[in-house]
Amino acid sequence: MECESTLDRSPLHLLHRVGQCAGELFHAEMQGIDLTARQYVILVAVAQKNGSSQQDIIERTGIDRSTVSQVVQLMIRKGMLKRRRTREDARAYAITVTAYGQDVLKASQPIVSRIDETLISVLSGPRAAAFVDNLRTIVGTFEQAKPRTL
């Protein structure tokens, strides 16, 4: 019983469990749309800044370099994203959303909004807003503390 109460009070464990709940909800709600939560985040990040570099995506999402590279490649194969060499740096790519990617994003956004609402619906209005603000504070604090690599 002691272990259970320790886990019930562990932010690390509880955040992991909330992530699991969110992932299960995303999977259940997105039936018929070939998109994972991570792919959705990358699609949104690129749509908000068409012509993004992989470094831009990493900075906007917090997803590690290797995973971004793999997911972008998969999304290119799925036809959601395309990339082209930049004029400024022949080694760099500009990543853009395709018409199909825009369609997937348009279909996904209302579903993701419902998922977000469902996740925080168990909290009252002020508690829900405070919860989201607290999550943003935690992420922001840790992002600022990270050493920047080029």
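Set side by side, the residues ARG87, ARG77, ARG83 differ, and just one is touching a Phe, Trp or Tyr at 6+ places or on another chain (Cβ under 7 Å) and among the charged types (D, E, K, R), which is ARG83. Every condition in (1) of a type in the set (Val, Ile, Thr); (2) more than 28 Å from ALA128 (Cβ to Cβ); (3) surrounded by 17 or more Cβ atoms within 10 Å (Cβ to Cβ); (4) under 14 Å from the mean Cα position of the chain (by Cα) holds for VAL112 except the one numbered (2).
Apart from one condition, LYS82 fits all of (1) charged (D, E, K, R); (2) part of a helix (DSSP H, G or I); (3) touching a Ser or Thr at 6+ places or on another chain (Cβ under 7 Å); the exception is (2). Note on the stretch 115-150: among residues that are of a type in the set (Lys, Arg) and outside any loop (DSSP other than H, G, I, E, B), the one that is farthest from the chain's Cα centre (by Cα) is ARG127.
Under the condition of being touching a residue at least 60 places away in the same chain (Cβ under 8 Å) and either surrounded by fewer than 16 Cβ atoms within 10 Å (Cβ to Cβ) or of a type in the set (Val, Ile, Thr) (or both), the residues counted in the stretch 35-53 number 1. Of all the residues that make up the stretch 83-101, how many are surrounded by 15 or more Cβ atoms within 10 Å (Cβ to Cβ) and modelled with pLDDT of 95 or more? Residues that pass the stated criteria total 5. If only residues of the stretch 85-114 that are part of a strand (DSSP E or B) and touching a helix residue (DSSP H, G or I) at 6+ places or on another chain (Cβ under 6 Å) are counted, the one that is nearest to LEU25 (Cα to Cα) is VAL97. Among the residues of the stretch 63-75, those identified as under 16 Å from LYS146 (Cβ atoms) and either loosely packed, with under 13 Cβ neighbours inside 10 Å or touching a His at 6+ places or on another chain (Cβ under 9 Å) (or both) are ASP64, ARG65.
Each row is one residue, and each column tells you yes or no for (1) modelled with pLDDT of 95 or more; (2) more than 19 Å from THR61 (Cβ to Cβ); (3) in a helix (DSSP H, G or I).
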{"position": "LEU12", "(1), (2), (3)": "no, yes, yes"}
{"position": "VAL18", "(1), (2), (3)": "no, no, yes"}
{"position": "GLN39", "(1), (2), (3)": "yes, no, yes"}
{"position": "ALA47", "(1), (2), (3)": "yes, no, yes"}
{"position": "ASN50", "(1), (2), (3)": "no, no, no"}
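The values are calculated or read from the model by the stated rules, or taken from the named source; none is laboratory data. Small disclaimer: the values here were computed from a predicted structure and weren't measured. We place every Cβ from the backbone using ideal geometry, glycine too, and count neighbours over all the protein chains shown.
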